[in-house]
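Below you'll find the structure, written out as structure tokens, and then a few comments.
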Amino acid sequence: MKKLPKVNMNKEQMAAAMLMLMRRMSGDEIPLRFASPTLVDIAVHNANDHVVELIDEVIQAHPELAMVPARTIKGIHYKTLVLTTLPTVAFRNANEGTAATKATYENRLVETFIMSPRWVCDKAIADRAEDGPEAYIALAASAQLEAAAQHISTQFYYGLTQAAGSPRHGSLGDAKGFPGLHDALGLSAAANQVVDAGETGGGNIATSAFMIKVGPQDVNWVWGNNGALEVSDVRIESVLDSGGTNSFTAYVQELLAYPGLQVGNRFCVGRVGEIDNSVSGSESLTDVMLASLWAQFTTAFKPDMIFMNRRSQAQLQANRTATTTTGTPAPFPTTWENVPIHVTDSISNTEVVDLLTA
């Protein structure tokens, strides 16, 4: 197998490209109040000053990756104690004993999972590209990075939703990936911080909005293998076509990363579920629903961020307009009680209806 000298796609440049990708996708500044680094900071740590322009002009926003803090681990997994029940504390009279109580913890394994997008470029086409093979390969890399960011961001919410025993939402989650927020909350509205918006029409027309508290003991990304974004050298291989029978010569390159998600305790995540697809119906997202969810969080675990998709944001805006005295359209909401609202395309409008139990 013949090996090419490196083109403009070395490891440092690819990490810098990932940094540029996250910045361009988020459109947000990283809040100073979060001391923990984000994926952007990890990419900066692994990059040099040379930034490769790999980013398409039209890109979906992925605030989950840009805004939620991240940590790196040396290996690919670690154990953590997850707080499930707080201890009880009471006053006592003089000369009276106090019963010993303790918090309840679960010892859980937090794992990172292999993600290795691989791009293949027909050598004959790349070599005659107007800007040369390097630019052609970089374009393919940009598309792969965008697809990877979309997949990881969707996994953030839906996790193992195809796996046995997990909340089911069709094929929205990847059973080979890490557990997401739906897995952390489960399907019981009573036992968890879940508000049921009330959609009962059946089918796959529902969606969700999430409140989370982020930080080292709460919700944060975990990147294995010291957070390395390992990019292979560009190489020439003989690969099979889509039919699986005929081969052609191609430039091949791949990225290896180990993403995972930690949900430190059940008190740091909340969800408004079963939101319907109407513009401003009784099961659409309202301030009352958000207030109800907010009230379920303890004071020690008040959320830092709210995530919803564009349909839910439009519903919230429409319901606010309906309550204005003049009928003037309310502005599109970007905060709720000073908590930033991050609008994402990674929360689906095709969640299964009627999964929540009382």
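The values are calculated or read from the model by the stated rules, or taken from the named source; none is laboratory data. Note that the structure is a prediction, hence the values are computed from the model and not measured. With ideal geometry, Cβ positions are generated from the backbone for all residues, glycine too; neighbour counts draw on all protein chains shown.
Details
- Every listed requirement among (1) touching a residue at least 40 places away in the same chain (Cβ under 8 Å); (2) out of contact with any Gly (no Cβ under 9 Å at 6 or more places or on another chain) is met by V288 save one, (1).
- One residue from A135, A124, A140 being surrounded by 14 or more Cβ atoms within 10 Å (Cβ to Cβ) and within 20 Å of S238 (Cα to Cα): A140
- Of all residue pairs spaced 6 or more apart or on separate chains, those with beta-carbon atoms under 9 Å, a first member in the range 110-124 that is within 16 Å of A147 (Cα to Cα) and a second member that is of a type in the set (V, I, T) and assigned to a loop (DSSP other than H, G, I, E, B) are I114/I76.
- Condition check for T72: at pLDDT below 80, surrounded by 11 or more Cβ atoms within 10 Å (Cβ to Cβ) and closer than 30 Å to P340 by Cβ: no
- A322 without any contact (Cβ under 8 Å) to a residue 40 or more places away in the chain and over 22 Å from Q155 (Cβ atoms): no
- Exclusive hit being surrounded by 17 or more Cβ atoms within 10 Å (Cβ to Cβ) and either on the phi < 0 side of the Ramachandran plot or assigned to a strand (DSSP E or B) (or both), set T154, T98: T154
- Exactly one residue out of E106, E111 is closer than 21 Å to L229 by Cα and modelled with pLDDT under 90: that is E111.
- Evaluated against (1) in contact (Cβ under 8 Å) with a residue 24 or more places away in the chain; (2) surrounded by 20 or more Cβ atoms within 10 Å (Cβ to Cβ); (3) in contact with a Leu (Cβ under 9 Å, 6 or more places away or on another chain), D174 falls short on exactly one condition, (1).
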